[in-house]
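The next block holds one structure in the form of structure tokens; read it before the comments.
What follows is calculated from the coordinates using simple rules that are stated; it is not laboratory data. Nothing here was measured: the structure is a model prediction, and the numbers come from that model. Don't worry about glycine lacking a Cβ; one is built from the backbone with ideal geometry, like all the others, and counts go over all protein chains shown.
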Amino acid sequence: MVTVLSILLVLTSVGMIVLVLLHKGKGGGLSNMFGGGVSSSLGGSAVVEKNLDRLTIICGLVWAVCIIALGLLLKDTSAGAAL
């Protein structure tokens with residue numbers, strides 16, 4: 001079970017990185033430094049942005065559940081090993 005959760009955690013971590021980088025910059029800061037401030041008419045539609053937001057939230061929730069589950073599982077196994 002720990003192995004499955006660890007693999008899922010790695011996959012969702014990479015997915016979160018990719019999904020966050022796919023988001024359009026919404027203002028100043030680092031996004032302008034890397035060309036995010038340039039507006040173009042080729043940007044995605046509002047439906048694509050909403051779906052990307054939903055996918056990012058789902059991926060984040062799965063990521064958080066994996067971390068909590070791994071923490072609980074590893075806490076239980078380390079307590080048994082200490083005895």
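Straightening the chain between Ser13 and Val47 buys 9.8 nm, computed as 0.36 nm per residue apart minus the Cα-Cα spacing. A simple spin-label model places pseudo-atoms 7 Å from Cα toward Cβ; at His23 and Lys75 they are separated by 2.9 nm.
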